[in-house]
1. If I fit a long axis through the Cα atoms of helix 87-104 and take the longest principal axis of the Cα atoms of the chain, what angle between them do I get, 0 to 90°, rounded to 10?
2. Restricting the count to DSSP beta bridges whose residues both fall in the chain, what percent are antiparallel, rounded to a multiple of 5?
3. Leu18: net charge of surrounding residues, Cβ under 14 Å, Lys/Arg +1, Asp/Glu -1, itself excluded?
4. Taking H as built 1.01 Å from N, whose amide H comes closer than 5 Å to the amide H of Tyr342, not counting residues under 5 places away?
5. Over segment 1-76, what relative contact order in percent results from Cα pairs under 8 Å that are six or more residues apart?
6. Taking 56 Å as R0, compute the FRET efficiency from the Cβ-Cβ separation of Asn207 and Ala10 and round it to 0.05.
7. Please find, in a Gaussian network model of the chain (springs between Cα atoms separated by less than 10 Å), the residue of Asp267, Asp96, Asp366 whose mean-square fluctuation is greatest.
8. Considering only Glu195, Glu244, Glu113, give the residue with the highest GNM mean-square fluctuation for the chain, with springs between Cα atoms whenever their separation is below 10 Å.
Amino acid sequence: MNNAFSAALAGVSVYRNLLELPPVAALRSLFRTLERGEGEAALEAYSAAFYALAQAGYDSFCTYLTDQLRYSSSPYAEAVARRQATDRLTQAARRDVAVFAALADLDPAELKEALLPLLAEDWRETARLLPQWNRGALPSFETLTEFYRVHGCGLFSRYHAFVWQDGGLHPVPHPDFVPEDAFLGYERQRSQVIENTRLLVAGQQVNNVLLYGMSGTGKSATVKGLLGVPGFENLRLIEVPKEELCDIPQLVRDLAHRPQKFIIFIDDLAFDKEDRTFSSLKTILEGSLEPRPVNVAVYCTSNRRHLVRQNFSDRNGDEIDASETIQDKTSLADRFGLRILYSELTKPQFIDMAMEMAVSKGVTMDPDDLKKAAVRWEARHTSRSPRSALQFAASLLTVQI
């Protein structure tokens, strides 16, 4: 049995990345030491396999291998996602999956039985007490293939939110977003963003989106909240700091042939003059010789309508074509096909929102007293925004406690 497993795993050709994973590597070591009759080394390898599996958060090799086959990137999974799998690649992948299916169904009790004859008597009790992992049946090869076709592979098939940092993608397992039913105000603005995103998810070419206006009005929350909209399960959100925009063209190329739909999210965007990332964003918005992929859109938020900070010195400098330079900078916002203003609430709107938010957070006050408190809050604070209304509610909760 052990010889057969060692040989079969040595022949894995499409999913070789799985062989380097600690639980699988420990099992391979176990098979080799059993073949050589090295009982003590085999016991160590068995214990290492159980430890590595538990360290990864699993008690079943079947579940572990299922997740690795689904979510790890491999030549076959990538090819299926791009609709480019050849017959030879498919045949090799099918053979590899059969090997891992046998591994997933391997009974650890059989391995312990194989250990006992190779150990001295005072070691055998330890072998008998070794813990066992669970076994089971992997999904069929056809099921895995369909998963790749629908969901792709790698990080994008497992996670919905990412941060681009230091030239690489970092998944956010539990993204912070506001559920749709928790929003108050700005319904028209959110509906525009959702409708544009709905077309993106449907596979249509859509506008890039700029959400601009007063701070604290929920611009960023609107974009993050898209992850919770029903029907947007195939949507992925990638937040990119402005400082790293120069790295994004290559990322966009990599996203082009994947089955998911992507929003590149740039929060709180504003440029200083001579900012080197300015031209990078222009390239992303307009494309170069390569058109923007239909499954990618750029959503930005900013407190500035024109995105570029200007000084009076910019208009009074000694540049001959200064007006053209200023126009080039201020026209960046016009490259967004959909520009949505989040303006400050009126006083009555803010009072109503503050009262509604306080009640939704569990504040129990007489309505007249609650309104008076909201009026006093508005008079003492400069911002009439949802953020300020939330702070008002929090202040009342603190008093109640």
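1. 70
2. Close to 15 percent.
3. +1
4. Long-range HN contacts for Tyr342: Tyr212, Gly213, Met214.
5. Numbers: 58 pairs, mean separation 24.3, N = 76.
About 32 percent, as a whole number.
6. Details: r = 52 Å, r/R0 = 0.94.
After rounding to 0.05, the efficiency reads 0.60.
7. Its mean-square fluctuation being the largest, the pick is Asp366.
8. Of Glu195, Glu244, Glu113, the most mobile in the Gaussian network model is Glu113.
The values are calculated or read from the model by the stated rules, or taken from the named source; none is laboratory data. Just so it is clear, the model here is predicted, and its values are computed rather than measured. Positions of Cβ are backbone-derived with ideal geometry, glycine not excepted, and every protein chain shown enters the neighbour counts. Quick note on the areas: whole protein, heavy atoms, side chains included, nothing else; ligands and nucleic acids left out. Shrake-Rupley method; radii C 1.70, N 1.55, O 1.52, S 1.80 Å.
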